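First the structure, in the form of structure tokens, and then the observations on it.
The values are calculated or read from the model by the stated rules, or taken from the named source; none is laboratory data. Everything numeric in this text was worked out from a predicted model, so none of it was measured. Glycine gets a Cβ as well: all are built from the backbone with ideal geometry, and neighbour counts include every protein chain shown.
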Amino acid sequence: MRMTSTYPLRLPRSVKAAVEKIAKEEGVSLNQFVATAVAEKLSAMNTAAFFAERKERADMEAFRRILTRKDGEKPREGDENP
């Protein structure tokens, strides 16, 4: 089974030239550079979505209770508020 597919990508000449230059400097093909860039963007977007979903489930009241509880551990050296 084939694990890749092709996609005709149109880039402005200036963008393509910049990508070609960087890919050559990095020692990778134009295709590899673009594939890696797309994968990095997907990762960033998925991470943002993950934390947004986690934020929606947060119990802020419980969070505040934990932060203001008595007999909690004092900040470690360097973690104090200015």
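Could you go through the stretch 40-48 and let me know if any residue there is part of a helix (DSSP H, G or I), among the polar types (S, T, N, Q) and at pLDDT below 95. No, that holds for no residue. Scan the stretch 4-52 for residues that are among the acidic types (Asp, Glu) and surrounded by 12 or more Cβ atoms within 10 Å (Cβ to Cβ) and the total you get is 1.
Taking every residue in the stretch 22-41 that is on the phi < 0 side of the Ramachandran plot and pairing it with any residue that is of a type in the set (Asp, Glu) and in a helix (DSSP H, G or I), at least 6 positions away or on another chain, the pairs with Cβ-Cβ distances below 8 Å are LEU30/GLU20; PHE33/GLU26. Within the stretch 11-25, the set of residues being under 18 Å from ALA39 (Cα atoms) and either part of a loop (DSSP other than H, G, I, E, B) or touching a Cys at 6+ places or on another chain (Cβ under 7 Å) (or both) comprises LEU11 only.
If you go through the stretch 19-40 and keep only what is of a type outside the set (A, V, I, L, M, F, W, C) and more than 18 Å from THR4 (Cα to Cα), you end up with GLU20, LYS21, LYS24, GLU25, GLU26, GLY27.
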